[in-house]
Amino acid sequence: MDLVYSIFRKQAWKTQFQNEQMEEDMCFKCLAKISANNIVAWVTTFDLDDHVNINWGSHVYIADLNVPWKYHKITSNNCTVTTLEWDMYGYSLLIGDKNGAVSIWTCSTDHNLTNWVQVGSKDFRGEPIIAGTFFHLGKKLMLVNEKADNINYFEKFNYVRFTPSLRTWGGTGLPGCLVVSATGMIAALLTNDSGEPMISATNSLAVARYCISVVDISYRQNGNFLIVTSDGRPRSPIHCYEVSVKLVNEKSCTIVSQWLPSFFLTFNETVDRVISHVKFLLREGSESLVIGSNSSNGCIIETWELVKKTNPINKVFKKVITEDHPTVCWIKKSSFTVGAQLTALATPKMSISYNQSSCSQYVVAAFSNHQVCCLSRELTQQCLFELSSYCEDNIGKIGLQHSSNIQFSDLDISYLGNVFVVCDNMGNLYLFQLLSVAELNGPLTVAYATLQLEYCLVTGLDWWDLAISLRPNMLEAVCNRFSENFQKQSQVLQQKEYTTYLSIRSFLYKMMPGAQGKRSDLMHLMTLHSICNAFKNVLRVSDIMVDRDPAENISNALKEPIVDIDKILPSLGGKDFTVEPSTLQSLHQLIQWVAQLALNVVSRIPEPRDNVGYNLLNDLYAINSIRELLLMIRIWGLLRPNCLPVFIKNIDNLDVLSVTFRLLSRFVQLGGEHDEMLFDECYTLQSQVNITPLSSVAAGIHEVASPALYYQHLPLKLVFGQEPDCLRYNTSSIDTITNGKQQSDYMKDYDVIRNVYIGKCPLIVKQCNRCEGKMQLVGNSRTAAIRVWENRWARNCRCGGRWRTVKVGGQ
């Protein structure tokens with residue numbers, strides 16, 4: 001367990017009154033939650049943009065863990081926020097406060113991290129909300145332990161029968177959330193996109209209301225919720241309930257609570273003890289609890305498990321009762337004692353394995369003495385991190401007089417379980433690397449890292465936390481094994497997940513020192529593959545009675561040993577390639593990009609190639625895709641010359657498309673072998689036409705997941721709102737597509753999705769949190785074809801990162 005970075009707010013000037021107010025507010029519990037996209041949301045009383053400490057309240061912020069200094073405020077609340085939860089996909093946020101107000105926030109229609117809208121709210125006046133969760137939608141893919149070494153994804157991963165929390169007609173899951181108040185009220189809220197008021201239903205958790213101080217919620221496979229509560233007193237029982245939500249009609253629903261076996265904690269101490277934390281060991285399908293209690297002597301962490309138990313039958317009744325009647329009860333499994341107060345406790349969100357007992361489930365705890373400890377399922381200490389000395393070194397940044405004022409308030413583990421975030425009472429964040437759940441007794445292996453990447457590929461989870469947990473000497477081995485396994489999958493699965501596969505592989509190359517050229521090639525391949533699909537989708541068969549596909553005709557024509565593009569055209573015909581002129585004109589920027597890529601590839605043919613890792617010239621699929629697109633562009637150019645790409649030529653009568661196609665065809669026929677005549681023609685073409693270098697990423701990037709991370713002394717000390725110079729790395733100087741030439745900063749003014757220049761001073765743009773690629777906020781989508789292309793990248797960038805709005809000269 002290692003501390004990767006800590007991030008603090010800028011030192012603020014404080015008056016004596018504000019210092020007193022700060023000391024009184026130390027009892028406020030800051031919250032922190034990590035989404036499936038590795039976006040952290042946290043609550044703090046300090047406004048990060050307020051440097052004089054005037055705006056006191058509960059402020060909800062979000063930030064990408066890759067660039068935590070680029071934060072965004074979702075909302076501010078005068079009342080203390082007590083509940084903060086993400087949905088399963090990381091696109092909606094549930095916020096509940098001490099006055100009983102519940103609100104659901106989600107990204108706007110453009111899926112922008114800096115543009116959040118409130119889609120619903122409900123006010124339960126006088127009901128302090130202390131817990132909440134979103135409905136389970138019924139989709140669950142898990143690993144079959146016995147087939148973990150199997151190459152086939154369909155055999156390795158299977159869907160689990162998981163019923164949605166709220167079902168409509170046909171068994172489809174409905175979105176919504178469940179909240180629990182401190183008085184024992186449970187409420188179900190149904191969200192909708194029509195703007196109508198939220199549908200809600202309330203009930204009492206027990207027969208009579210009672211005070212609740214700690215509570216946790218988990219999902220059962222039958223669609224119901226499992227809720228455990230405590231009033232904080234050790235002499236009171238730990239209550240368990242099963243809650244179900246049913247839809248009555250389109251305008252109403254009902255909520256029902258049922259008692260489950262409860263149990264008492266047993267303490268041998270005479271001092272007063274308070275139950276401070278109750279957690280399920282897993283959020284889904286778990287029947288194990290982790291309970292933490294505090295006293296003046298320290299804290300005790302215990303694990304309890306729900307088991308079936310057979311009670312002996314009295315001999316008087318044995319003649320009547322012949323069969324055993326087992327009952328379920330809670331039994332204590334293990335305990336762990338520390339001489340400090342327990343301030344935060346977290347358990348994994350999910351398990352990727354069917355057999356949960358075989359998986360090394362773990363518990364992460366934070367204590368009042370600034371220690372963070374990782375415990376196994378049996379509550380044996382696995383690793384410990386001491387933060388006392390680290391806090392002393394950073395007092396100047398935090399602005400306090402004593403490090404004892406800093407207390408850990410909350411912590412949360414990522415979905416894959418490779419990192420976790422700790423939040424203190426000042427709103428500062430600490431990111432820790434955690435050993436993998438299957439590798440707590442040793443370092444992370446290549447096999448298990450590849451397995452997690454494959455799980456991300458088929459489920460859509462973000463892989464960032466795994467990538468930064470890999471050691472530098474593991475990156476290439478993991479990347480190669482992941483690529484080899486993917487190539488052995490069925491063609492259907494490869495076509496479906498090809499873009500995600502390229503995103504994961506390029507991300508791993510990005511982390512490798514000296515492998516930015518391979519990463520750039522993969523990004524170009526991804527764009528090329530997407531453009532090829534987009535161009536083929538606009539083709540229509542002229543005669544519906546003929547069973548033929550124009551795209552297949554092009555592939556079959558290129559199999560012939562013909563290098564002259566004009567000699568291939570008669571065998572294709574032009575009727576099947578007829579496209580509306582407006583559509584061709586709207587695709588001109590993509591046509592121009594394909595032509596520039598083809599010229600760059602031709603210019604690289606004479607250069608020596610590295611056979612280790614990925615190289616665009618070694619991929620005949622990519623070369624043939626370029627040839628297919630050049631052939632389509634040639635046909636479209638005959639129909640509408642205005643859609644042809646523009647070249648800066650030194651010879652007026654040079655047919656650049658024809659020469660480029662001929663050189664690429666000869667290169668494919670030679671199988672990439674050395675040919676001096678071909679090399680001479682490639683050099684000649686470079687002197688006859690201006691070849692604009694292409695780049696897939698910005699020239700200078702600041703991010704945590706970068707090669708610069710391996711050259712830094714951890715932990716990193718970051719500040720909100722300030723880009724760290726230590727994490728800046730330059731990609732343009734080693735970009736293979738630029739032929740080794742130093743590239744300018746033109747990528748700062750380039751739309752990486754539409755492949756057009758956006759001007760030197762655009763007013764506002766969308767920027768990726770991972771590769772810092774930019775995109776126009778509003779495009780000029782005149783045709784359906786270009787709208788489909790833009791919507792393809794509306795939710796995420798090509799690299800898998802999320803978009804955020806950036807103003808020129810600020811954030």
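The values are calculated or read from the model by the stated rules, or taken from the named source; none is laboratory data. Everything quoted here is computed from the prediction, not taken from an experiment. No Cβ is skipped: glycine too gets one built from the backbone with ideal geometry, and neighbour counts run over all protein chains shown. What goes into the accessible areas is simple: the full protein's heavy atoms, side chains included, and nothing from ligands, DNA or RNA. Shrake-Rupley method; radii C 1.70, N 1.55, O 1.52, S 1.80 Å.
Between Ile562 and Asn611, the modelled label-to-label distance comes to 3.4 nm, taking each label 7 Å out from Cα in the direction of the beta carbon.
Output the 0 to 90 degree angle, nearest 10, between the alpha-carbon long axis of helix 475-487 and the longest principal axis computed from the alpha carbons of the chain. That helix lies at roughly 70 degrees to the long axis. The Cβ shell under 13 Å around Arg125 holds other residues with a net charge of -1, Lys and Arg each +1, Asp and Glu each -1. Length gained on full extension, Asp652 to Glu676, computed as 0.36 nm times the residue gap minus the Cα-Cα distance: 6.0 nm. With both labels modelled 7 Å from their Cα along Cα-to-Cβ, the Val788 to Ala340 distance reads 5.9 nm. Percent relative contact order of the chain, based on C-alpha pairs within less than 8 angstrom and at least six residues apart? That works out to 11 percent.
In a reduced charge model with +1 at each Lys and Arg Cβ and -1 at each Asp and Glu Cβ, the stretch 467-624 shows a dipole moment near 600 debye about its Cα centre. Here Tyr89 and Ile331 are evaluated by their C-beta separation; at R0 = 45 Å the FRET efficiency comes out at 0.80. FRET efficiency for the Tyr757 to Asn618 pair, using the beta carbon distance and R₀ = 30 Å, is estimated at 0.45. Projecting the Cα atoms of Tyr448, Ser181, Tyr501 onto the charge dipole of the chain, computed from C-beta unit charges around the Cα centre, puts Ser181 farthest toward the positive end. Relative to the longest principal axis of the Cα atoms of the chain, the long axis of helix 588-604 makes an angle of roughly 80 degrees. Around the Cα centre of the chain, unit charges on the Cβ atoms of Lys, Arg, Asp and Glu (plus for the first two, minus for the last two) sum to a dipole of about 1360 debye. Note on Gln669 and Gln487: with the Förster distance fixed at 30 Å, the Cβ-Cβ geometry gives a FRET efficiency of about 0.80. Using 0.36 nm per residue and subtracting the Cα-Cα separation, the extra length available between Tyr711 and Lys73 on full extension is 226.5 nm.
The HN-Hα couplings worked out from phi for the stretch 257-266 by the Karplus form 6.51 cos²θ - 1.76 cosθ + 1.60 (θ = phi - 60°) are 10, 10, 5, 10, x, 10, 7, 10, 7, 10 Hz, whole numbers, x standing for Gly and Pro. Please state the shape class of the stretch 448-492: rounded when a/c is under 1.5, otherwise prolate if a/b exceeds b/c and oblate if not, all from the C-alpha gyration tensor. Oblate shape, in that a/c is at least 1.5 and b/c is the bigger or equal ratio. Taking Cα atoms only, the orientation of helix 446-459 departs from the longest principal axis of the chain by about 80 degrees. Rolling a 1.4 angstrom probe over the protein heavy atoms with all chains in place gives the stretch 511-623 an accessible area of 41 Å² per residue.
Protection proxy ranking for 166-179, 123-136, using the average of other Cβ atoms within 10 Å per residue and placing the highest first: 123-136, 166-179. Calculate, for the stretch 100-150, the solvent-accessible area per residue in square angstrom, rolling a 1.4 angstrom probe over the heavy atoms of the protein chains. Accessible area per residue, the stretch 100-150: 42 Å². Gln494 label point, 7 Å along Cα→Cβ, cut-off 16 Å on backbone N: hits in the stretch 658-678? Nothing falls inside the zone, counting backbone N under 16 Å.
Gyration tensor over the Cα atoms of the stretch 455-576: the corresponding equivalent ellipsoid has semi-axes (square roots of 5 times the eigenvalues, largest first) of 38, 17, 12 Å.
Each label point was placed 7 Å from the Cα along the Cα-to-Cβ direction; for Gln118 and Ser262 their separation is 3.6 nm. The residues neighbouring Glu476, those whose beta-carbon lies less than 13 Å from its own, together hold a net charge of +4 under the Lys/Arg +1, Asp/Glu -1 convention.
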